[in-house]
Structure formats: structure tokens, C-alpha cells
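Chemist: This is the structure, below, for whatever I ask next.
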Amino acid sequence: MEDIIAVAGFFTTVIVALVSFGPIGKAIAANIHRRGVGIPGAEVLEQVDTLENRIESLQQQVGELAERQDFTERLIAKGRERGALGSGGQA
């Protein structure tokens, strides 16, 4: 009798493992995961859009500042080449 129970337990374990790691088990796990995580609502999507717009604006501002810095550095370099600016030390 114990042998029958052991064999039945072994086959039950194998069947459960095959179902769990197979496509059915993966589908069940994905369904559980979706329920636990939840789908983002309209409010969350609106916040994401707002943040994306703010990031784009900041990227544009940083680009403009970089252009201004490059322009200023070129002006300073031209002034030093012509000797228009002093060395900044004692005369």
C-alpha cells in the first residue's frame, strides 16, 4: 500500500511540475501578476505625459545654455588672442 502511495505521489509531483512550468502555469502566473500589479489609471498616464513634457522642456533649456556657453567661450578666446583682455594678475 505504501508503494502505491509513493508512486502516486511521485506522478502527482511530476504532473504538477509540468503544468506549473509549462504554458498553462506561465499563463496563470502572468494573470496573478497582472492582478497584483494593476493597470495604470488615467491619472498615472496623465502624470507620465506631464513629466515627459517637462523633461523635453528642460532638455531644450540645457541645449540653449550649452550654446550660450560655447559662444561665450569663443568670445573670450578671441579676446585673449587679440590681447584685449589682461592676464587677470598684477599689471
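Chemist: In nm, to one decimal, how far is the Glu81 label point from the Ser57 one, both placed 7 Å along Cα→Cβ?
Modeler: Once both label points are built, they end up 3.9 nm from each other.
Chemist: A follow-up question, please. Could you give me the radius of gyration and the Dmax of the chain, taking only the C-alpha atoms into account and expressing both in angstrom?
Modeler: Just the Cα atoms of the chain yield Rg and Dmax of 34.2, 108 Å.
Chemist: Only helical DSSP H runs with n ≥ 4 go in: add -39500 (n - 2.57) per run for the chain, normalise by residue count and round the 222 nm mean residue ellipticity to 500 deg cm²/dmol.
Modeler: Computed ellipticity for the chain at 222 nm equals -29500 deg cm²/dmol.
Bear in mind these aren't lab numbers, they're just calculated from the coordinates by the rules spelled out. Computed from a predicted structure; not experimentally measured. Positions of Cβ are generated from backbone atoms using ideal geometry, with glycine treated the same way; all protein chains shown enter the neighbour counts.
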